[in-house]
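Here the structure is laid out as structure tokens; the discussion comes afterwards.
The values are calculated or read from the model by the stated rules, or taken from the named source; none is laboratory data. Note that the coordinates shown come from a computational prediction; the quantities given were computed from them, not determined experimentally. Cβ: placed from backbone, ideal geometry, glycine included. Neighbour counts: every protein chain shown. Just the protein is used for accessible areas: all its heavy atoms, side chains included, with ligands, DNA and RNA removed. Shrake-Rupley method; radii C 1.70, N 1.55, O 1.52, S 1.80 Å.
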Amino acid sequence: MEQLLGQFSLGLFILQIVLFVGLILLLKKFAWKPILDAVNDREEGIKNALLSAENARTEMQNLQADNQRILQEARLERDNMLKDAREIKEKMIADSKTEAQAQGLKMIEQAKAAIESEKNAAMAELKSQVSNLSIEIAEKLLKDELSNKEAQTKLVEKMLGDVKLN
């Protein structure tokens with residue numbers, strides 16, 4: 001270190017300081033301004049990007065809130081539509097049951113009336129046949145009674161055996 005102090009030259013030192021200050025002035029005039037401008041532009045770009053990102057985040061939150069609201073409204077509307085559909089279904093089922101019961105009762109009444117009509121027709125037919133048989137028996141009895149008493153008894157027994165009542 002002593003050797004360095006011994007070789008020290010004041011003129012060289014001042015010349016180096018002047019060159020150093022000149023270099024700094026040249027750098028300040030030609031290099032630092034563009035470098036600082038570029039750094040400031042980059043800083044401004046980053047600030048704008050952060051602001052845009054914040055705005056986008058806020059807008060995204062608003063959109064999500066709107067989507068949630070729309071989704072909730074859609075769910076309510078769907079629930080209302082399902083409720084209305086269930087009510088319509090139940091009403092249609094009840095109407096169909098009522099109509100089916102009415103038609104069933106009408107068919108039962110028609111069947112009863114048809115049965116009663118057939119029964120009356122069968123009874124009339126049966127009465128007609130019974131009266132015809134009675135007339136035939138009476139006719140035969142009278143013919144035989146007029147001719148023979150013993151034959152008349154046999155005939156009545158035979159006729160009664162032939163006739164089967166249901």
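What to note about this one:
- Count of the range 52-87 residues which are of a type in the set (A, V, I, L, M, F, W, C) and open to solvent by 100 Å² or more (accessible area, probe 1.4 Å): 2
- Condition broken by Val130, with the remaining ones in (1) open to solvent by 90 Å² or more (accessible area, probe 1.4 Å); (2) within 30 Å of Met159 (Cβ to Cβ); (3) among the aliphatic types (A, V, I, L, M) satisfied: (1)
- Residue match in the range 4-24 (condition: polar (S, T, N, Q) and loosely packed, with under 10 Cβ neighbours inside 10 Å): yes
- Test: Lys158 is open to solvent by 100 Å² or more (accessible area, probe 1.4 Å) and modelled with pLDDT under 85: yes
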